[in-house]
1. If we keep just the residues of region 106-123 that are surrounded by 12 or more Cβ atoms within 10 Å (Cβ to Cβ) and outside any strand (DSSP E or B), which is nearest to the ligand (Cβ to nearest atom)?
2. State yes or no: is Met151 touching a residue at least 60 places away in the same chain (Cβ under 8 Å) and in contact with a Lys or Arg (Cβ under 7 Å, 6 or more places away or on another chain)?
3. Do the conditions hold for Val126, that is, is it within 12 Å of the ligand (Cβ to nearest atom) and of a type in the set (A, V, I, L, M, F, W, C)?
4. In a helix (DSSP H, G or I), more than 16 Å from the ligand (Cβ to nearest atom) and surrounded by 20 or more Cβ atoms within 10 Å (Cβ to Cβ): does that describe Ala142?
5. Have a look at Lys170, Lys166, Lys140, Lys149 and point out the one that is within 15 Å of Asn15 (Cβ to Cβ) and touching a strand residue (DSSP E or B) at 6+ places or on another chain (Cβ under 9 Å).
6. Could you tell me which numbered condition Val157 fails, if it satisfies all but one of (1) among the hydrophobic types (A, V, I, L, M, F, W, C); (2) buried (at least 16 other Cβ atoms within 10 Å of the Cβ); (3) touching a residue at least 40 places away in the same chain (Cβ under 8 Å)?
7. Within the bounds of region 109-119, is there any residue that is over 27 Å from Gly29 (Cβ atoms) and among the acidic types (Asp, Glu)?
Amino acid sequence: MKTLIFFASPNKKGNTYNLVNKFIEGIGGEVDIVNVYDKKVSPCVDCKYCYTKEQCAIKDDMQEIYAKINDSDVIVIASPMYFSSVTAPMKAIIDRLQIYWSKKYIRKDRENLKNRKAVVLSTGGVYWINMFQPLEAVLKHAFAAMDAKDMEKVYAVNTDTMPVEKNEEKLKEAYELGVKIRKNLK
Ligand SMILES: Cc1cc2nc3c(=O)[nH]c(=O)nc-3n(C[C@H](O)[C@H](O)[C@H](O)COP(=O)(O)O)c2cc1C
């Protein structure tokens, strides 16, 4: 079982990192982490190259990311909430998933569909009702493009006053989600 984690926080040892770390302890196995802030991924320019080709016209770090996605069984997007969504480099990667969307909906190519597992780990500084709804809508769409389903999630809120490293309940939830996915996918 190969788990691909998009780590989308600029803080290498921050709240999202602590949540991800616990999840990794739980899931074990082969884990590949993409530090999205270290990658050079240009925004999609809607050139429509992928309407006829299996690839993206832009040759950058996304090429290596496509290979990692294709090779994964579990995909985790771990991002702090920024203005109700994921962070900007993560959104650039999501928009470049257009090659998968085009395959299904423009070229109507339904070959080699996969059955991946989708996981969201996110953190927010404050709390308001339904605050993760916009982020979740974006990620559901992104996961669908990558054939990742049955989205599981762990959200830690109020990190301004309760950093994740001190939030035993959320750390446990992230760990237990990892364990659950490992057992279910065996
Ligand atoms: C540009 C920016 C936008 C943010 N937007 C939100 C937001 O919409 N809602 C929220 O609850 N917290 C927001 N935050 C706070 C972060 O989500 C929060 O501090 C998070 O836990 C940081 O995670 P990290 O330590 O992994 O970077 C924002 C922070 C920044 C820097």
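1. Of everything passing the filter in region 106-123, Lys114 is nearest to the ligand (Cβ to nearest atom).
2. So Met151 fails the test.
3. yes
4. Against the criterion (in a helix (DSSP H, G or I), more than 16 Å from the ligand (Cβ to nearest atom) and surrounded by 20 or more Cβ atoms within 10 Å (Cβ to Cβ)), Ala142 qualifies.
5. Of Lys170, Lys166, Lys140, Lys149, the one residue that is within 15 Å of Asn15 (Cβ to Cβ) and touching a strand residue (DSSP E or B) at 6+ places or on another chain (Cβ under 9 Å) is Lys170.
6. (3)
7. Yes - at least one qualifying residue is present in region 109-119.
Here's the yes/no breakdown for (1) touching a residue at least 12 places away in the same chain (Cβ under 8 Å); (2) of a type outside the set (Ser, Thr, Tyr); (3) within 19 Å of Val20 (Cα to Cα):
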position: Tyr82; (1), (2), (3): no, no, yes
position: Ser102; (1), (2), (3): yes, no, no
position: Glu136; (1), (2), (3): yes, yes, yes
position: Phe143; (1), (2), (3): yes, yes, yes
position: Asp147; (1), (2), (3): yes, yes, no
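The values are calculated or read from the model by the stated rules, or taken from the named source; none is laboratory data. Quick caveat: nothing in here was measured; it's all calculated off a predicted structure. Note that we place each Cβ from the backbone using ideal geometry, even for glycine, and neighbour counts take in every protein chain shown.
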